[in-house]
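Below is one structure, written out as structure tokens; the observations come after it.
The values are calculated or read from the model by the stated rules, or taken from the named source; none is laboratory data. Because the structure is a prediction, the values reported are computed rather than measured. Every residue, glycine as well, gets a Cβ built from its backbone with ideal geometry; the counts of neighbours run over all protein chains shown.
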């Protein structure tokens with residue numbers, strides 16, 4: 001009888017994986033998590049462009065947690081999970097660049113138990129915290145008793161790995177940020193109301209429908225003086241043409257993009273919004289209302305949840321001087337702009 005009791009206790013200990021949790025009042029009694037060297041962890045990196053520094057990050061992880069496995073794929077998280085079903089049986093952290101956050105939407109549809117939080121919540125965190133990265137979130141899968149975590153970043157460092165492993169227990173069910181060498185609870189920040197170009201970053205100008213906006217070539221040539229090879233010019237019969245190829249859609253999502261269109265082709269935004277609302281800086285209905293009230297060229301710019309600029313230019317013709325106006329000063333965000341007398345003017349009450 002004694003041996004049987006001891007066996008039951010041993011099985012329970014193994015099932016818990018020797019993990020240590022602090023107990024608090026509230027929705028869940030498990031508020032923090034502490035790693036255990038004897039357990040297996042899986043870090044996955046995915047997306048067309050990997051998070052910079054993930055190799056050294058993984059090396060630091062393995063110094064403390066020798067049973068850590070690091071997997072990578074240039075495809076989606078869903079592809080990785082379907083081909084590596086053992087992910088479900090171990091602690092798992094998905095590491096991803098912000099522009100590939102939509103991979104979580106696909107994953108959530110088929111494997112919601114692998115998500116530490118919903119895709120919509122993750123998207124709102126990126127927007128609320130003013131694009132401050134890395135952003136982290138961890139939760140506890142009560143079914144498998146395993147950690148489900150994410151690291152959303154463009155770049156990670158070995159010191160971030162150290163903060164995750166050795167200094168303190170990891171807070172659960174709360175967004176975290178890594179800033180100035182500290183891992184702390186994320187705080188909402190005031191969003192920037194202007195945008196300043198980094199001329200080393202890629203910009204895509206798309207022009208659609210026939211006839212296209214007049215003097216587009218001269219406009220683009222002026223921008224090329226500033227952006228050089230980082231300026232990409234795309235043309236197609238409709239905006240949705242750009243999204244039909246997965247590769248082009250990936251490029252749009254991961255770079256600054258401005259859609260240029262003639263006012264009579266505004267309906268093209270309606271089709272784009274129906275399938276990819278995150279690519280529009282403002283709703284189709286608002287754009288339609290603006291056209292009724294103001295003359296063009298009309299412009300509208302905003303950041304999406306990845307920090308990429310999304311813009312529209314509605315005009316029958318554009319000029320080199322408009323291109324200059326877009327690069328000389330910071331661009332006001334989330335408000336309607338009108339180009340008059342070679343100046344960008346803020347339209348109040350929009």
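For this structure, a couple of remarks:
- Subset of region 260-284 [within 20 Å of the chain's Cα centre (by Cα) and in contact (Cβ under 8 Å) with a residue 12 or more places away in the chain]: 272, 275, 276, 278, 279, 280, 281, 282
- Any hit, region 339-348, residues being at negative phi, in a loop (DSSP other than H, G, I, E, B), at pLDDT 90 or above and assigned by TED's automatic domain parsing to the domain that holds residue 240: no
- Across region 5-35, the number of residues qualifying as at pLDDT below 85 and assigned to a loop (DSSP other than H, G, I, E, B) comes to 11.
- Residues that are at pLDDT 90 or above and under 30 Å from residue 34 (Cα atoms) number at least 2 in the following strands (runs of 3 or more DSSP E) confined to region 170-232: 176-179.
- Region 273-300, residues that are within 18 Å of residue 234 (Cβ to Cβ) and either surrounded by 20 or more Cβ atoms within 10 Å (Cβ to Cβ) or outside the structural domain of residue 330 (by TED's automatic domain parsing) (or both): 279, 280, 281
- Within region 157-166, none of the residues are under 20 Å from residue 305 (Cβ atoms), modelled with pLDDT of 85 or more and crowded, with 19+ Cβ neighbours inside 10 Å.
- Scanning region 306-320 for residues that are surrounded by fewer than 19 Cβ atoms within 10 Å (Cβ to Cβ) and either at pLDDT 95 or above or touching a helix residue (DSSP H, G or I) at 6+ places or on another chain (Cβ under 8 Å) (or both) returns 307, 316, 319, 320.
- If the condition is being out of contact with any strand residue (DSSP E or B) (no Cβ under 9 Å at 6 or more places or on another chain) and assigned to a loop (DSSP other than H, G, I, E, B), then region 265-299 contributes 276, 283.
- Subset tally (residues that are in contact with a strand residue (DSSP E or B) (Cβ under 6 Å, 6 or more places away or on another chain), within 29 Å of residue 126 (Cα to Cα) and outside any strand (DSSP E or B)) for region 300-324: 2
- Test: residue in region 40-57 that is in a helix (DSSP H, G or I) and closer than 15 Å to residue 165 by Cβ: yes
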